[in-house]
Each structure stands twice: as structure tokens, then as C-alpha cells.
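The values are calculated or read from the model by the stated rules, or taken from the named source; none is laboratory data. In this text the structure is predicted, and so the values were computed from the model without any measurement. Cβ: placed from backbone, ideal geometry, glycine included. Neighbour counts: every protein chain shown. With ligands, DNA and RNA removed, areas are computed over all heavy atoms of the protein, side chains included. Shrake-Rupley method; radii C 1.70, N 1.55, O 1.52, S 1.80 Å.
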Amino acid sequence: FGLSSILVGIVFYLLGKFQLGKIVYFFPNHVLVGCIGGIGVFILFTSLEVTTDTTFTLNWDGIQGTIVDHFSLLWVVLAFET
């Protein structure tokens, strides 16, 4: 993931440097929103896994093992979000 982040940063820098920001308008809006939403979900799941040191899955056992059983670790994050 680190290499892809650096690559995206370089591409965005070059788009700005050569004033090619209008190229973004060639991509449909729903595609961009979907990609950004997917990245947000990935960040959410990864942050839960890192905070609780478990593997998150989208079933009852995964939710209970990650959120319910480790709520003592997550309340600090929730406290600072409000």
C-alpha cells in the first residue's frame, strides 16, 4: 500500500504541476464517489483491526469479536470523535 500511495501522490503532483486537473472531469461522478466510498470503508475496517488487534469480518462473530469484546479499546477513539 505504501508504494501505491507514493505513486498516487506523484501522479496528483504531476497533474497539478502541468495544470491537467481538468482530466478528472473525464471520469463519471458515480465512479469517483464509489472509489472514495470504498477507500473510506477500507480505512474504517483497517482502523478497527489495528485498534483491537483482531481480524474484522462482516458477520456476527466478527462484529462481536472486534467491537463488542474490545469496546474498552474503542471507547477512547469514540470519546475523541465527539
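The chain: percent of C-alpha pairs farther apart than 22 Å? Walk me through the numbers on the way to the answer.
Working: 1582 of 3321 pairs.
Roughly 48 percent, rounded to a whole number.
How large is the helix-only mean residue ellipticity at 222 nm for the chain, computed as the sum of -39500 (n - 2.57) over DSSP H runs with n ≥ 4, divided by its residue count, in deg cm²/dmol to the nearest 500? Mean residue ellipticity at 222 nm (helix-derived): -21500 deg cm²/dmol. Shown is the FRET efficiency for ILE6 and PHE56, computed with R0 = 30 Å from the Cβ-Cβ distance and rounded to the nearest 0.05: 0.70.
Given a Förster distance of 25 Å, report the FRET efficiency between GLU49 and LEU14 from their Cβ-Cβ distance, rounded to the nearest 0.05.
0.15
For the chain, with all protein chains in place and a probe radius of 1.4 Å, 74% of the accessible heavy-atom surface sits on carbon or sulfur. Using the 1.4 Å probe convention, the accessible area of the chain works out to 85 Å² per residue with neighbouring protein chains retained.
Normalised by the number of residues in the chain, the average gap of Cα pairs under 8 Å and 6 or more apart makes the relative contact order 15 percent.
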